[in-house]
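Structure first, then comments.
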Amino acid sequence: MAIYKEKDSQKAPIETKGVVFWVKNNLFSTPLDIVMTLMGISILLLIIPPFIQWAYIDANFIGETREDCTNDGACWVFVKMKMDLFMYGFYPKAELWRLQSALLLFIVMITSLKLLKSTKLKFASFSLYFIIAFVLIHGGMFGLEIVNTDKWGGLMLTIIIAAVGIIFSFPIGVVIAFGRASNLPVIKSICVTYVEFIRGVPLITILFMSSVILPLFFPESITFDKLFRALIGITLFQAAYVAETIRGGLQSIPAGQYEAADAIGLSYWQKMLLVILPQALKVAIPNLVGIFISLFQDTTLILIIGLFDILAMVRITSADSNWLGLETEGYVFVTFVFWVFCYGMSKYSSRLEKQFDTNLK
Amino acid sequence: MKNNNIIEIKELNKWYGDFHVLKDINLSVKTGEIIVICGPSGSGKSTLIRCINYLEQFQKGSIVVDGIEVIDDIKKIKALREDVAMVFQHFNLFPHLSILDNLTLSPIWVKKQPEKEAIAIAMKFLERVGIAEQANKYPNQLSGGQQQRVAIARSLCKNPNIMLFDEPTSALDPEMVAEVLNVMVELANEGRTMICVTHEMGFAKKVANRVIFMDEGQIVEENTPKEFFENPESKRLQQFLEQILSH
């Protein structure tokens, strides 16, 4: 028989930590790694310095006309002079303060969400903001001049479409996902049909349908706004994808969670909203943010039904005879704007994931 | 005539597809009685107690619990589930809620208790099962035994007349079985009606009023613990006891 002495914990060996160790282990550990690392570095060297040369060192920032762009590099004067068009489309210049105050109020609303504790107040602040923002942007009340939606454009339009699409498609998608997971055959088949129909059709088709075919179903006296129709189309389209993403999350919830919720007496909606959905969302967040990011990018498709988002504005402004041949600057700028928004959403999603993570703390 | 049977099960039959899982079950439970059900796996014991709070539907027969007939009717099911609590083999705590929120969820949303009151009651039960200091942690940070005690506290929060235990110690490490059984023994001594599906024979001997042996969807034998363990009548029970008591 043997009895063993108790042992103390010791520190990990020093050579398994630190920068040098990391570089050696991750970049230069095998011959293939070395080749890949060197290739990667040389590709970066080939692309980045010329780009910086063009976009910054040789670029033109000062001036107001094409003639001020005397250097070889990018002519950012173009972007600067057309900034209002990129941001707000053809919104009347005199009324731009309304958009800017809507933006300012947005910051106020977000801060209020952080400060307010009660969920009801948060929801009230959130909803109130959208009503105020709509009144500000559209006008027609409180002596504000009406600005029709065909004047809306640029980044503002991109954001409005993406925001409305995300906010409204989410609850609809949740309900459809519940319906698809339900035991009631009629509800289930309606939801399955809806999802399968929408997912079988490209967004462009839905946009065409909502702008061309939808009015055919209504008497001529009823006319819907073009943007409004596009929003309905995009929301219904996005809802199907939200539903499928959430369904994936729902499937990962073990049956025991449903049973426990039943056993403590929760009703169907209480069970789904308080117990099942929060857990399903946690699983679905990365994919949900993924489809919201693609929605943000897909908003550029509204060009085909005659609405002008930020990308369309670049095309229009670069056709201006005073600024011909400057698409590159415009597109680089738009790329940057899209990147900022999408990267921001993706960062926000990883923060949410951490917030939802209750496994280890 | 007053019937003091809190649970009355008559001619209960249940099928999964063509598979006959419960065959003509008749069982009456008196108020305050502690019943232990044991039997080999697949014998229908879990299914039986899951029928009592309507987690499982059945095709024939009747169950009346505390004057409530168990049928597919939202109001009756709601009343039933306020009266009957269940503790599961895999605890089934809600991992996205803190321990305290797990306990107060049903009182706040189903019974519409004020939050403060619900928290006070929840803390009282957490103290009773000995985990009050973990109230703000999340389920996955606790050991299995602690999680099961939380699950018991959660089911106590609605002050049920009847408690169902579905193999509450089967998923636990041997070291943790005792802490859960201790809590269950305490509950048994309080006079609450309990039906426990378990193979903890020590527990059965200590607190049960009756022990029931099920096999192939039927009740094979039913007796007081003393007679059940000392003089098993049926061949099948003798074999079963031999198996589980041999080591």
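Helix-only mean residue ellipticity at 222 nm, the protein assembly as shown, DSSP H runs n ≥ 4 weighted -39,500 (n - 2.57), per residue, nearest 500. What is it?
Helices in the protein assembly as shown give a 222 nm mean residue ellipticity of -17000 deg cm²/dmol.
What whole-number distance in Å separates the alpha-carbon centres of segment B:74-127 and segment A:102-167?
First find each Cα centre; the distance between them is then 39 Å.
Using a cut-off of 28 Å between alpha-carbon atoms, which lysines can reach A:LYS11, once sequence neighbours fewer than 8 places away in the same chain are excluded?
Result set, ordered by chain and number: A:LYS24, A:LYS361.
For the protein assembly as shown, what is the accessible area per residue in Å² when the probe is 1.4 Å?
54 Å²
May I ask you to work out the translational diffusion coefficient for segment A:13-68 at 37 °C, viscosity 0.692 mPa s, via Stokes-Einstein with Rh from the Kirkwood sum over Cα pairs, reported in whole µm²/s?
Answer, rounded: 223 µm²/s.
Once the whole set of protein chains is in place, how much accessible area is left on A:GLU353, using a 1.4 Å probe, in Å² to the nearest 10?
Result for A:GLU353: roughly 70 Å² accessible.
Probe 1.4 Å, all protein chains in place: accessible area of B:ARG128 in Å², nearest 10?
80 Å²
Under the √(5λ) rule applied to the eigenvalues of the Cα gyration tensor, what semi-axes describe the equivalent ellipsoid of segment B:1-150? Give them in Å, descending. Show your work: numbers first, answer last.
On the way: eigenvalues 200, 73, 43 Å².
Its equivalent ellipsoid spans semi-axes of 32, 19, 15 Å.
On a 0 to 90° scale, report how tilted helix B:115-128 is relative to the longest principal axis of chain B, with both axes built from alpha carbons and the result rounded to the nearest 10.
60 degrees
Take the Cα pairs of segment A:79-171, get the Kirkwood Rh, then feed it into Stokes-Einstein at 20 °C and 1.002 mPa s and tell me D in µm²/s.
Answer from the Stokes-Einstein relation: 150 µm²/s.
So which chymotrypsin sites (Phe, Trp or Tyr not before Pro) in segment A:311-361 end up in coil per DSSP with only 11 or fewer other C-beta atoms within 10 Å?
Passing both the DSSP loop test and the Cβ count: no residue.
For the protein assembly as shown, what number results from the quotient of the Cα radius of gyration and 2.2 N^0.38 Å?
Details: Rg = 33.2 Å, N = 608, 2.2 N^0.38 = 25.1 Å.
After normalising by residue count via 2.2 N^0.38 Å, the value is 1.32.
Can you tell me the length gained on complete extension of the stretch A:LYS354 to A:ASP58, counting 0.36 nm per residue apart and subtracting the Cα distance?
Here the answer is 102.3 nm.
At a 1.4 Å probe radius, carbon and sulfur cover how many percent of the accessible area of the protein assembly as shown?
Carbon plus sulfur share of accessible area: 62 percent.
When only C-alpha pairs under 8 Å and at least 6 residues apart count, what is the relative contact order of chain A, in percent?
Once divided by the residue count of chain A, the mean separation gives 17 percent.
With a 1.4 Å probe on protein heavy atoms only, tell me which residues of segment B:94-140 lose at least 30 Å² of accessible surface in the complex relative to the chain by itself.
Hits at the 30 Å² cut-off: B:PHE94, B:PRO95, B:HIS96, B:LEU105, B:SER106, B:TRP109, B:VAL110, B:TYR138, B:ASN140.
Net charge near A:TRP152: determine it from the other residues with C-beta under 15 Å of the C-beta of A:TRP152, scoring Lys and Arg +1 and Asp and Glu -1.
Within the 15 Å Cβ shell, the charges total -1.
Please state the relative contact order of chain B as a whole percent: Cα pairs under 8 Å, 6+ residues apart?
That works out to 26 percent.
Ordered by packing density, taken as the mean number of other Cβ atoms within 10 Å over each peptide's residues, highest first, how do A:7-13, B:58-64 rank?
The packing order, highest mean first, is B:58-64, A:7-13.
Step through the residues of segment B:51-67 one at a time and calculate ³J(HN,Hα) from phi using the Karplus curve (6.51 cos²θ - 1.76 cosθ + 1.60, θ = phi - 60°), rounding each to whole Hz and writing x for Gly and Pro.
5, 5, 9, 6, 6, 10, 8, 10, 9, 9, x, 9, 10, 10, 10, 6, x
Please say if segment B:1-49 is rounded, prolate or oblate, where rounded means a/c under 1.5 for a ≥ b ≥ c the square roots of the C-alpha gyration tensor eigenvalues, and otherwise the choice is prolate for a/b larger than b/c and oblate otherwise?
Numbers: a/c = 3.91, a/b = 1.70, b/c = 2.30.
Oblate shape, in that a/c is at least 1.5 and b/c is the bigger or equal ratio.
Which order do you get for B:HIS20, B:HIS199 if you rank them by accessible area with a 1.4 Å probe, largest at the top?
From most exposed to least exposed: B:HIS199, B:HIS20.
So, in Å, what gap is there between the alpha-carbon centers of segment B:128-154 and segment B:1-72?
With segment B:128-154 and segment B:1-72 each reduced to a Cα centre, they are spaced 30 Å.
Would you tell me the accessible area of A:THR193, worked out with a 1.4 angstrom probe on the heavy atoms of the protein chains, in Å² to the nearest 10?
Here the residue's solvent-accessible area equals roughly 90 Å².
Sketch the reach of a paramagnetic label on A:ALA319 as a point 7 Å from Cα along Cα-to-Cβ, and name the residues of segment A:69-91 whose backbone nitrogen lies under 15 Å away.
Hits in segment A:69-91 for A:ALA319 at 15 Å: A:90.
Treating the angle as unsigned and between 0 and 90°, give the value, to the nearest 10°, between the Cα long axis of helix B:74-83 and the longest Cα principal axis of chain B.
In chain B, helix B:74-83 runs at an angle near 80 degrees to the longest axis.
First select every other residue whose beta carbon is under 12 angstrom from the beta carbon of A:SER189; then total the charges, Lys and Arg +1, Asp and Glu -1.
Charge balance in the 12 Å sphere: +1.
Of all DSSP beta bridges in the protein assembly as shown, what percent run antiparallel (nearest 5)?
50 percent
Considering only DSSP beta bridges with both partners in chain B, what is the antiparallel share in %, to the nearest 5?
Restricted to chain B, the bridges split so that about 55 percent are antiparallel.
Using a Förster distance of 60 angstrom, determine the FRET efficiency expected from the C-beta separation of A:SER29 and B:ILE71, and round it to 0.05.
FRET efficiency, A:SER29 to B:ILE71: 0.35.
Put B:TRP15, A:TRP269, A:TRP152 in order of accessible area, largest first, 1.4 Å probe: what do you get?
A:TRP269, B:TRP15, A:TRP152
Straight distance only, please: which aspartates and glutamates reach the Cα of B:LYS60 with their own Cα at less than 15 Å, same-chain residues fewer than 8 apart left out?
By straight Cα distance, B:LYS60 reaches B:GLU8, B:GLU11, B:ASP18, B:ASP24, B:GLU69, B:ASP72.
Ordering A:ASP150, A:ASP84 by how much accessible area each has at a 1.4 Å probe, largest first, what is the list?
The ordering from most to least exposed comes out as A:ASP150, A:ASP84.
Just check segment A:253-361 against the gyration tensor rule for me: Cα atoms, a ≥ b ≥ c as the square roots of the eigenvalues, rounded for a/c under 1.5, and otherwise prolate or oblate depending on whether a/b exceeds b/c. Walk me through the numbers before you get to the answer.
Values: a/c = 6.20, a/b = 2.86, b/c = 2.17.
In terms of gyration-tensor shape, prolate.
Could you run the Debye sum over the Cα atoms of segment B:79-135, one equal point scatterer each and no solvent, and tell me log10 of I(q)/I(0) at q = 0.12, 0.19, 0.30 Å⁻¹, two decimals?
-0.29, -0.75, -1.32
Ratio of alpha-carbon Rg to the 2.2 N^0.38 Å globular estimate for segment B:31-102, to two decimals, please.
Working it through for segment B:31-102, the quotient is 1.28.
How much accessible area is lost when chains A and B come together, counting both sides, with a 1.4 Å probe, in Å² rounded to the nearest 100?
Approximately 1900 Å² gets buried when A meets B.
Does anyone have the angle between helix B:99-109 and the longest principal axis of chain B? Alpha-carbon axes, 0 to 90°, nearest 10?
80 degrees
Going 7 Å from the Cα of A:GLN270 toward and past its Cβ, which residues in segment B:106-129 have a backbone nitrogen under 16 Å from where you end up?
B:106-119, B:122, by backbone N distance to the label point.
Roughly how many Å is it from the Cα centre of segment B:174-247 to that of segment A:296-361, as a whole number?
67 Å
Lone cysteines in the protein assembly as shown, defined as no other cysteine's Cβ under 4.7 Å from theirs: which are they?
Isolated Cys, the protein assembly as shown: A:CYS191, A:CYS342, B:CYS38, B:CYS51, B:CYS157, B:CYS196.
With θ set to phi - 60°, apply the Karplus curve 6.51 cos²θ - 1.76 cosθ + 1.60 along segment A:337-351 and write out the HN-Hα couplings as whole Hz, x wherever there is a Gly or Pro.
Each residue of segment A:337-351 in turn: 4, 4, 4, 4, 5, 5, 5, x, 4, 5, 5, 4, 5, 6, 5 Hz.
What number, in percent, do you get for the relative contact order of segment A:92-183 if the mean sequence gap of Cα pairs under 8 Å and at least 6 apart is divided by its residue count?
22 percent
The values are calculated or read from the model by the stated rules, or taken from the named source; none is laboratory data. Every value quoted in this text rests on a predicted model; they were computed, and no experiment measured them. Note that we place each Cβ from the backbone using ideal geometry, even for glycine, and neighbour counts take in every protein chain shown. Accessible surface is based on the protein model in full, side chains and every heavy atom, while ligands, DNA and RNA are left aside. Shrake-Rupley method; radii C 1.70, N 1.55, O 1.52, S 1.80 Å.
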